[in-house]
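The values are calculated or read from the model by the stated rules, or taken from the named source; none is laboratory data. Here the structure is a predicted model, which is why all the values come from computation and not from measurement. Note: ideal-geometry Cβ built from the backbone for every residue, glycine included; neighbour counts use all protein chains shown. Ligands, DNA and RNA are stripped out before the accessible areas are found, and what is left, the full protein with its side chains, is counted by its heavy atoms. Shrake-Rupley method; radii C 1.70, N 1.55, O 1.52, S 1.80 Å.
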Amino acid sequence: MQITIKNQSYQLPIYLPDATLGVARSLDSLDLARVGLEGVMVNTYHLINRPGETVLKRLGGVKKMMNWPGFVSSDSGGFQLFSLLQKNPDLGKITDEGIVRYNGPKKQKKTLFTPEDSIRMQFALGSDVMICLDDFTPPTADEKRIQQSVERTIAWAKRAKAEFKLQLEKHGFSKDNRPLLLAPIQGHNHEKWRAHCSKELQKIGFDIYGLGGWPLDEQGKFDYSFCQKNADLTTKDSLRFALGVGTPKNIVRLFFMGYQFFDCVLPTRDARHQRLYVFRVDPATLNRQILSELAAADRLDEVFDYLYMGKGKLATDAGAISEFCDCPLCRQTDGVPQVSRAYLHHLFKIGDSSAWRLASLHNLRTYVKVMEVLRKVY
Ligand SMILES: [Zn+2]
């Protein structure tokens with residue numbers, strides 16, 4: 001399965017690491033390309049603050065700033081504002097017009113962030129996959145709040161799409177050579193409102209539909225049935241983005257539910273916490289059919305495992321992080337890995353900054369490998 005964004009083709013499924021401020025922490029664009037990544041997810045809100053819209057426009061957008069040949073997806077910028085307001089309601093409020101922020105303690109000065117602002121900023125970033133501003137449904141919301149967040153999400157998506165069309169014209173994009181627009185589906189786990197949200201968004205028409213909200217149940221466990229129900233709300237051929245998902249196991253299971261796009265902070269965050277992802281079996285022996293059968297039987301633990309670099313017994317282990325990995329660390333010359341378990345353990349132990357980069361390279365290569373296996377048809 002393939003998708004074309006701004007005249008460039010990409011194979012699906014695809015995983016995008018988190019490059020919040022235009023950098024996947026400790027890695028440069030060459031590193032990202034080296035492990036086979038083709039896209040990154042950036043954060044509109046943070047980038048518009050730093051380096052700022054003026055600088056980004058001068059540089060020609062975030063891709064030029066990063067010298068990144070792949071594609072860039074950007075979030076709406078709303079999530080950071082919601083999190084901020086949830087922690088401290090004195091900082092602003094959400095209205096039908098947009099997100100209001102107070103600039104002073106007496107709430108005298110206000111700034112408004114609208115769905116139109118979000119789209120304009122994403123054009124300033126030069127994003128390839130843009131996301132509509134939505135009204136995130138808090139997991140604790142009662143039905144009244146769920147209804148409000150769904151109705152707002154639909155109204156804002158309509159406004160975002162109108163602005164998107166205006167900006168396409170302004171920037172001279174043709175019909176076949178343009179960025180894509182994604183609308184997240186909200187409604188938490190309330191079936192009626194989530195179905196309504198999905199139906200109305202599909203009437204407006206978007207390129208990709210996002211899994212909005214938390215895919216976690218009340219016990220904090222990953223909620224696969226929630227993800228399945230959400231996927232089933234869109235027509236069979238729809239493109240679906242599992243926003244913020246997940247571990248390799250989560251990704252494989254959601255791929256078979258019909259999700260093709262994934263972005264997640266886990267592989268790089270875990271890398272910085274010495275948690276490395278390893279295959280239990282040679283990925284060369286895997287393909288889509290085998291993974292589909294293992295996913296259906298909930299047996300993916302037989303494929304994916306973790307290695308904790310902090311363990312003392314690794315101090316003298318000269319082996320590769322993973323015998324099945326072909327990342328720059330694990331690649332072997334005459335049976336000797338470029339970076340052994342012992343060496344990475346040591347680098348973490350002494351707190352050298354290279355440890356983050358090396359561990360991230362390995363984890364990201366593992367994620368790319370998962371994508372490669374899922375693209376392989378039996
Ligand atoms: Zn590796």
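At-a-glance table
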{"quantity": "The stretch 115-165, residues that are of a type in the set (Ser, Thr, Tyr) and surrounded by fewer than 18 Cβ atoms within 10 Å (Cβ to Cβ)", "calculated": "Thr140"}
{"quantity": "Pairs, first at pLDDT 95 or above in the stretch 283-294, second open to solvent by less than 20 Å² (accessible area, probe 1.4 Å), C-beta under 6 Å, six or more apart", "calculated": "Pro283/Val373; Leu286/Val373; Leu291/Val252; Leu294/Leu300"}
{"quantity": "Enumerated strands (runs of 3 or more DSSP E) restricted to the stretch 228-290, each holding at least 1 residues that are within 17 Å of the chain's Cα centre (by Cα) and buried (at least 19 other Cβ atoms within 10 Å of the Cβ)", "calculated": "239-242, 261-264"}
{"quantity": "Tally of residues being outside any loop (DSSP other than H, G, I, E, B) and either open to solvent by less than 10 Å² (accessible area, probe 1.4 Å) or out of contact with any helix residue (DSSP H, G or I) (no Cβ under 9 Å at 6 or more places or on another chain) (or both) across the stretch 13-30", "calculated": "5"}
{"quantity": "Qualifying positions in the stretch 147-205 - without any contact (Cβ under 8 Å) to a residue 12 or more places away in the chain and either outside the structural domain of Gln8 (by TED's automatic domain parsing) or assigned to a strand (DSSP E or B) (or both)", "calculated": "Ser174"}
{"quantity": "Residues (within 12 Å of the ligand (Cβ to nearest atom) and open to solvent by 50 Å² or more (accessible area, probe 1.4 Å)) located in the stretch 297-323", "calculated": "Glu323"}
{"quantity": "Single condition Leu56 does not satisfy, out of (1) in a loop (DSSP other than H, G, I, E, B); (2) open to solvent by less than 30 Å² (accessible area, probe 1.4 Å)", "calculated": "(1)"}
{"quantity": "Pair list, Cβ under 7 Å, 6 or more apart: the stretch 326-344 residue in contact (Cβ under 8 Å) with a residue 24 or more places away in the chain, other residue among the β-branched types (Val, Ile, Thr) and within 8 Å of the ligand (Cβ to nearest atom)", "calculated": "Leu329/Ile321; Cys330/Ile321; Arg341/Ile321; Leu344/Ile321"}
{"quantity": "All positions within the stretch 63-106 that are open to solvent by less than 70 Å² (accessible area, probe 1.4 Å), more than 16 Å from Asp134 (Cβ to Cβ) and polar (S, T, N, Q)", "calculated": "Asn88"}
{"quantity": "Among the candidates Leu364, Leu291, Leu329, Leu344, residue that is more than 21 Å from Ala33 (Cβ to Cβ) and within 15 Å of the ligand (Cβ to nearest atom)", "calculated": "Leu344"}
